[in-house]
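No value in this document is a laboratory result; all are computed from the given coordinates. Computed from a predicted structure; not experimentally measured. Note that each Cβ is placed from the backbone with ideal geometry, even for glycine, and that neighbours are counted across all protein chains shown.
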Amino acid sequence: MKKDINRIVVAKIGKTIGFKGYLKLHILSDFNEQFNIKKVWETSFGELEVERFDLQKSLIKFKNFDNIESSKQLTNHLLYSTIEETRELCKLEKDEFFWFDIVGLNIIEQNNLLGIVKEIERIGNTDYLLIETSENLIKNGLPKTFMLPYIDQYIQNVDIENKQIIVNGGLDILEAS
């Protein structure tokens, strides 16, 4: 399947809950306001309209899926948003960024390129930048990739416009990897 760079996975549909068509929803987004009633989601199953959503219990029910048997076929399918829709519906606070804006940025420490953000992974409550190490550092025997916690201790400045993140202590983590 060809990867559509404009589509963003925001949730994964889990197992059925009860007999009335409810499903567990594994939300992969920090913006729960996206999951409102009557919202039509593009999914790997097709378009699905939200009939009911319970944020506290992470339960969702889709229109026309009214029993356990019909809802079972939705298990493990993904809900997608687009970059445009995400920017429109999800309001960022000061110093917050969308993951898709962070991926591809250069990691700079003391004017040296450490690498490029390839992916972001959430482990527990902490986001980690998965960084592909710059060729010059790989030639010096350092690992091809490393992970940097996205916390104030390491992240000094994120500059989307100039496509860079200024870090402190990133080289130490790379060398210890």
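In region 139-158, the qualifying residues are those that are free of Cβ contacts under 8 Å to residues at least 40 places away in the same chain and not in a loop (DSSP other than H, G, I, E, B), and the one that is surrounded by the fewest Cβ atoms within 10 Å (Cβ to Cβ) is Lys139. Only one of the listed residues (Lys61, Lys24) is free of Cβ contacts under 8 Å to residues at least 60 places away in the same chain, touching a helix residue (DSSP H, G or I) at 6+ places or on another chain (Cβ under 9 Å) and among the charged types (D, E, K, R). That residue is Lys61.
Of the conditions (1) in a strand (DSSP E or B); (2) closer than 29 Å to Gln156 by Cα; (3) among the basic types (Lys, Arg), Arg87 satisfies every one except a single condition; which number is it? With respect to (1) in a strand (DSSP E or B); (2) closer than 29 Å to Gln156 by Cα; (3) among the basic types (Lys, Arg), Arg87 is out only on (1). Looking across region 99-115, the residues that are assigned to a strand (DSSP E or B) and surrounded by fewer than 18 Cβ atoms within 10 Å (Cβ to Cβ) come down to Asn106, Asn112, Leu113.
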